[in-house]
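Every number in this text was worked out from the coordinates using simple rules, so none of it is lab data. The structure presented is a predicted model; accordingly, all values stated were derived computationally and were not measured. With ideal geometry, Cβ positions are generated from the backbone for all residues, glycine too; neighbour counts draw on all protein chains shown.
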Amino acid sequence: MTDYLKAKVIKPVSLFSFIGLMSSTIFLLLDTFQIVTLANSIQSVLLGLILLLLVIQAIAVIIPLFYQVDDLTEQVKQANTHDALTALNQRHTFTPLVNQALALSLRYKWSLSVIRFDIDHFKSINSEYGNKTGDEVIKHVATTIKENCRESDNIFRFDGEEFVVLLPQTNQDQALTLAKKINQKVLSAPLTTEKLILEVSISGGVSAWKSHEPDIELTLNRADLALQQAKDDGRNKVILDN
């Protein structure tokens, strides 16, 4: 009888213990699940932050590259169209630019004139002072021409020491006035270097396009003949074509 009662007493205690153990286990599993879930969430957030930082870093690298590509493209374009020494238009750009000017002049009945300049005694300058000084003379003259022209004017370095100025909306008298002004500006501002002060002069020929002419070639030829006359007459002057 005593043993039987002991058994009856022990069983309920063991059942409660089992239930308590199961409850603890369940709560432990839930806590563990929550911890794992929280850890996964933290890991996801960290991965997201890492990806965001990588994207920001990539953008920081790529955007300057785009600007560099744009700069290089502009430099290549500039090198293909502009003279390296003077930054003036190269001769091969003359035809497309003059065609635009002719089209506008025909449409709006504008005047269009041309000046041809040549540096006086340039071969002698190169021979006596060297090619480096010769380059400085070319740049000096080119700068003086640019400083006295409008933004709408097109200036070309045609050959070594020859320049052509295309003047939209400019009649021959206005072109002649400008050419004489540039001639005097060059003469009154000697080239100054570390070793010498060199007086430079230029000769010029001026011609105006005639509306019945199909292109600018005859105008260029007349300006060239006027330039040659200026040289024959002693240089350092400007002549208007006949």
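For K139 and K109, the FRET efficiency from 1/(1 + (r/R0)^6), where r spans their Cβ atoms and R0 equals 51 Å, is about 0.85.
On full extension, the segment bounded by N221 and T193 gains 6.5 nm, given 0.36 nm per residue less the C-alpha separation. Coupling constants for segment 216-229 follow from the phi torsions by the Karplus curve (6.51 cos²θ - 1.76 cosθ + 1.60, θ = phi - 60°), and in residue order they are 9, 4, 5, 5, 4, 5, 5, 5, 5, 5, 5, 4, 4, 5 Hz; glycine and proline get x. Backbone amide hydrogens, once placed in the peptide plane, bring V200 within less than 5 Å of L191, excluding anything fewer than 5 places away on its chain. Amide hydrogen proximity for S111: with H placed 1.01 Å from N in the peptide plane, the residues at 5 or more positions away or on another chain lying under 5 Å are Q169, T170.
The average projected area of segment 71-177, computed from the convex hull of its Cα atoms over all directions, is 7.8 nm². Among the listed pairs K180/K210; K132/K195; K181/K237; K180/K237; K109/K210, those with a Cα-Cα distance over 18 Å are K180/K210.
If r is the Cβ-Cβ distance from H92 to V61 and R0 is 51 Å, what FRET efficiency results, to the nearest 0.05? Efficiency at R0 = 51 Å is approximately 0.85.
Pairwise Cα distances in segment 89-240 exceed 22 Å in 38 percent of cases.
For segment 169-233, trypsin sites (Lys or Arg not before Pro) meeting the loop criterion (DSSP other than H, G, I, E, B) and having at most 15 other Cβ atoms within 10 Å: K195, K210.
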